[in-house]
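Below: one structure, written as structure tokens.
The values are calculated or read from the model by the stated rules, or taken from the named source; none is laboratory data. Computed from a predicted model, the values in this text were never measured in an experiment. Methodologically, a virtual Cβ is constructed for each residue, glycine included, from the backbone with ideal geometry; neighbour enumeration extends over all protein chains shown. Only protein heavy atoms, including side chains, enter the accessible area calculation; ligands, DNA and RNA are left aside. Shrake-Rupley method; radii C 1.70, N 1.55, O 1.52, S 1.80 Å.
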Amino acid sequence: MEKLYIEQTKGTPKIDFDPDANILVLWGQSYPENSFNFYEPIFNWVDCYLVECNAAMRIKVNLSYVNTSSSKCILMLLDKFEKAHQNGTSITLDWYYDIENESELECAEEFEEDITFPFNIIPLSQEI
Amino acid sequence: MFEKTLMDLQNHLKESGILISFSGRFSQGIIEELGDAIKKHMQTEDMPKNDIYNVFAIFVEQTHNIKNYTTDKEGSCYYDQIACSGIVTIGKSEGAYFICSGNLVEDKDVKPLAQKINQIMHLDKKDLKKLYKEQIRQELAPGSQGAGVGLIDIARKSKHAIKYSIVDIDGHLSFFSIKVTV
């Protein structure tokens with residue numbers, strides 16, 4: 001299966017999903033012109049990956065800002081991982097946040113609320 | 001004459017505490033540039049990151065609301081008027097930042113919009129979170145641009161109750177404006 005790589009822009013995060021290393025990275029800000037258009041290929045890739053994946057996977061996220069329509073897409077993405085976890089896939093998610101910004105922490109905590117797989121909320125010591 | 005108009009406009013902006021303003025058709029590029037500008041301005045003023053985040057987030061939701069509403073109106077005979085009617089201002093008054101935006105809306109959309117805001121404007125943060133979590137999970141109509149929770153998100157990030165007004169223009173269109181303070 002091919003890697004999914006999307007370059008970061010002002011309004012969209014970097015997507016670096018590596019099926020060989022089983023590491024999925026989502027990094028940046030998310031407020032695209034049309035979130036559903038932006039996330040659709042990501043949903044499709046993840047659907048295929050979760051069918052093929054048979055190793056432990058790690059998701060690394062840092063989203064310094066997520067608008068509401070992107071939040072809906074992130075929830076849809078997390079639902080897919082949650083379902084895979086319920087079916088026995090080993091998943092760990094590391095969510096990095098800026099220690100000086102409590103809004104980022106609250107945002108991460110809210111996403112964590114409906115998740116049962118390991119969801120680590122980790123402070124970033126400096127801006128990346 | 002033009003210099004008088006410009007100076008009057010500048011004085012008016014200064015007196016109102018407006019730092020950044022844009023009037024016209026919103027594009028994603030304009031939203032990104034204005035958002036960056038206000039973030040940088042607040043950073044130079046050493047504002048807490050949390051306040052910068054909230055001002056930026058409210059600005060993005062307000063301007064995306066206008067942009068998405070315009071896209072929804074693509075088939076309407078009022079489309080051109082609506083598309084060019086957007087305005088946003090970000091400013092500072094008495095130490096607090098405010099984000100004000102406005103646009104034309106079709107009269108038939110006024111009632112549902114007012115109902116939506118009236119429903120959320122006096123909820124406390126706990127009830128707003130509950131409503132947000134319920135609504136973000138709801139199925140969307142095909143072709144929806146947003147998640148339908150922009151106003152709730154704005155209310156959650158606002159320090160005071162949202163202020164809004166709707167003024168009838170000509171019996172077909174009304175001007176909707178909203179002011180949020182951080």
Please identify the pairs in which a residue from segment B:6-34 that is free of Cβ contacts under 8 Å to residues at least 40 places away in the same chain has its Cβ atom under 6 Å from the Cβ atom of a residue that is open to solvent by less than 90 Å² (accessible area, probe 1.4 Å) and of a type outside the set (Lys, Arg), counting only partners at least 6 apart or on another chain. B:Ile31/B:Thr63; B:Glu32/A:Gly11
Would you confirm whether any residue within segment B:171-182 is touching a strand residue (DSSP E or B) at 6+ places or on another chain (Cβ under 7 Å), free of Cβ contacts under 8 Å to residues at least 12 places away in the same chain and in a strand (DSSP E or B)? no
Can A:Leu93 be described as outside any helix (DSSP H, G or I) and either basic (Lys, Arg) or touching a Ser or Thr at 6+ places or on another chain (Cβ under 7 Å) (or both)? no
Sole exception among (1) away from every other protein chain (no Cβ under 13 Å); (2) modelled with pLDDT of 95 or more; (3) open to solvent by 40 Å² or more (accessible area, probe 1.4 Å); (4) not in a strand (DSSP E or B) for A:Thr9, by number: (1)
Flag if A:Cys73 is surrounded by fewer than 18 Cβ atoms within 10 Å (Cβ to Cβ) and either at pLDDT 95 or above or within 10 Å of chain B (Cβ to nearest Cβ) (or both): no
State whether the residues of segment B:120-135 include one that is modelled with pLDDT under 95 and under 16 Å from the mean Cα position of the chain (by Cα). yes
Which residues, counting only those in segment A:76-128, are hydroxyl-bearing (Ser, Thr, Tyr), at pLDDT 95 or above and open to solvent by less than 20 Å² (accessible area, probe 1.4 Å)? none
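Whether any residue in segment A:93-101 is within 14 Å of chain B (Cβ to nearest Cβ) and of a type in the set (S, T, N, Q) is what I want to check.
First, pick out the residues of segment A:93-101 that are within 14 Å of chain B (Cβ to nearest Cβ): A:97-101.
Now narrow it down to the ones that are of a type in the set (S, T, N, Q): A:101.
Yes, the conditions are met somewhere in segment A:93-101.
Here is a list: A:Leu63, A:Leu24, A:Leu50. Which entry is open to solvent by less than 30 Å² (accessible area, probe 1.4 Å) and farther than 30 Å from B:Leu34 by Cα?
A:Leu24
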I need the full set of residues from segment B:21-49 which are in a helix (DSSP H, G or I) and either more than 10 Å from chain A (Cβ to nearest Cβ) or open to solvent by 60 Å² or more (accessible area, probe 1.4 Å) (or both), in order please. B:Ile30, B:Glu33, B:Leu34, B:Ala37, B:Ile38, B:Lys40, B:His41, B:Met42, B:Gln43, B:Thr44
Looking at (1) more than 12 Å from chain A (Cβ to nearest Cβ); (2) surrounded by fewer than 17 Cβ atoms within 10 Å (Cβ to Cβ), which one does B:Tyr69 not meet, given that it meets all the others? (2)
